[in-house]
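Nothing in this text is a laboratory measurement; each read-out follows from the coordinates by a stated rule. No experiment lies behind these values; they were computed from the predicted model shown. Counting neighbours? That spans all protein chains shown, and the Cβs are built from the backbone with ideal geometry, glycine included.
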């Protein structure tokens, strides 16, 4: 395995691993890979055997490019979640991690419906929906979402019932139904019900005196049909599963020891235990039937900042409204009675295509509880991040002087392989405690509830330092947390601002101003990930620590723009959205076109979470038409069509999913000594480039540029497991060589490479 350092030349495309046959392409759980038409008249067949209708798109502003050149973003996102499902089905993945991928799939799909589907429905209802760049009408997109989402959820339940649950049982972890446990176990759960569950339940009946209750979003509920034995009249009642209780209750044997309890665990769904004791909730009534169901609501936020005198108060008001958003999906047990189905649909205003009939148990987010079991043999191998070798060549109990090291050289970080706590977090903490530090300025988008970063900023303010926190309180689904610690910061004397009206502040920046013998010096961090110590252990991100005066000056100007009024700020080593990133990236792509025409070695590489922006995609298409090699490493949504003759023959698109969530954004240009590498917070989406404050920084140190180019070379080489996108929109999993040997995992390879780098640094 080669080291992270690379030569200055751009890697040649290798069709196969040296000394091994070319990788085989496999697709294990392909059920919904969408295949849009290459021409408007085509009717392609998707991987699950269903046909996809594509209508011709109106003429675009780029008449030299085909009108059908974009894949649909919503359907591409569903394909991403299908890739998550493929990991859950992969028996080479540790078993409890497979269970966690099933839970992640559920959470991902929930958010997709709460935001994307809900937004699409709202635009259709208000008459402002327009045809998507892919050429699909809004209602066609909804129809295809419904079809594919139904297929995916059914596949998820099959993977759980036929693969994951039996495999768990073989390891002594049994998820069973009430009828499958012994009488003595039922008796013990009965005691648990009386002591801990019954007191928190609130059964709600529906009759002339009790209207149909409000069903909160994502809550799991029991629909109960009761019969009055005196009158024979039928009644409906609803019971909400308390979110404070575990999703799966542990069944304890009378003779179980600590060891046996660990390796022979049995779990029963909460709703099963409640259903078995309905007679205690409705004494004097006969329980006729009961079914579980779950509602998903529109939970996107709408805050008119221009009209809000106090953004905090406006947002808090909107958060209370979120719980009452209109339903967009109803999940029910597969055998739900038609009469009950009609009642739920009528009262919730749900149409037939919004109903998802699934085998029980519903809401597999609860599998996170199972995945958290202390069974190291069923998890990924233990991994502990180490301090970056440039910050501390040798591990020590004594913290390294980070500011002193940053003063000598730039430090390139890649989390979680480089420890966040001993780099970025320690940088802020040391700055807060350094008497020579005059000021700290930082953007905060998402952070943990007990964030040491926030604590350090508070300590700095209390020590008399000038502290500015640019807080984005509209970070989706983290709004309430952000409001709470924004107020905590304000009470401690931190200057808290909420950025620029109409724009989300998504950039990841920290600036430390320090008084030194030769004058004031600025120390900076520019990253791709949030200042969150918890997610930094799970998300792959990059960052640069530097004392370069140009970066310091750029960050000073940007913070002044965020906290004050400086609309015409110009930057030297930064590209800043919404004014500069799209144009800056397109300009550099066009330079590679010129280079290709001169020397024949033009090269562009992009690593992002999502690639949707049409302007950037068109620039990449034109680069490919000129012969420029274009590599795209994308985690989620991708609207570009690679490998299309005459359009994108030199474009390749790969995706990597694994134990860490690929989150860094990287942009590379060139092949020679003048290569450019940029990292930052911006995905190639409209929201990032037009409606957010984002920042990219150019990496200056040649060795760091080599490292980043080498990273992209490895990911695109075909030597490691990945998914590959074809021009028709299909994703193919490539995780075996042609002789059916497993391809190595790039994340595991990076763990080994970073460990090797540390060992070399200690010598």
Q.
At 0.36 nm per residue, and after removing the present C-alpha to C-alpha distance, how many nm does the segment from residue 487 to residue 347 gain when stretched out fully?
A. 46.4 nm
Q. Among 748, 516, 587, which comes first, second and so on when ranked by fewest other beta-carbon atoms within 10 Å?
A. 516, 587, 748
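Please give the length that would be gained between residue 158 and residue 738 if that part of the chain were fully extended, namely 0.36 nm times their separation in residues minus their C-alpha to C-alpha distance (nm, one decimal).
205.9 nm
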Q: Hey, for a label at residue 572 modelled as a point 7 Å past Cα toward Cβ, could you say which residues of segment 508-544 have their backbone N under 13 Å away?
A: 522
Q: With a point put 7 Å past each Cα toward its Cβ, work out how far residue 202 is from residue 128 in nm, to one decimal.
A: 3.5 nm
Q: Report the calculated FRET efficiency for residue 538 and residue 288 (r = Cβ-Cβ distance, R0 = 51 Å), to the nearest 0.05.
A: 0.65
Q | Rounded FRET efficiency, nearest 0.05, which uses the C-beta distance separating residue 216 from residue 625 and R0 of 35 Å | A | 0.10
Q: Please list the equivalent ellipsoid semi-axes of segment 109-256, computed as the square roots of five times the alpha-carbon gyration tensor eigenvalues, in descending order and whole angstrom.
A: 38, 27, 14
**Q.** For segment 522-547 versus segment 617-694, the gap between their alpha-carbon centres in whole angstrom
**A.** 21 Å
Q.
Need one number: nm distance between label points at residue 553 and residue 143, each 7 Å from Cα along Cα→Cβ, rounded to one decimal.
A. 5.9 nm
Q: Between residue 279 and residue 462, take the C-beta separation as r, use R0 = 41 Å, and let me know the FRET efficiency to the nearest 0.05.
A: 0.10
Q. Ranked highest first by the average count of other Cβ atoms within 10 Å around their residues, in what order do 135-146, 333-344 fall?
A. 135-146, 333-344
Q.
Run the numbers for residue 170 and residue 384: contour at 0.36 nm per residue of separation, minus the present Cα-Cα distance, in nm.
A. 74.1 nm
Q: Find the centroid of the Cα atoms in segment 210-253 and in segment 416-439, then give the distance between the two in whole Å.
A: 50 Å
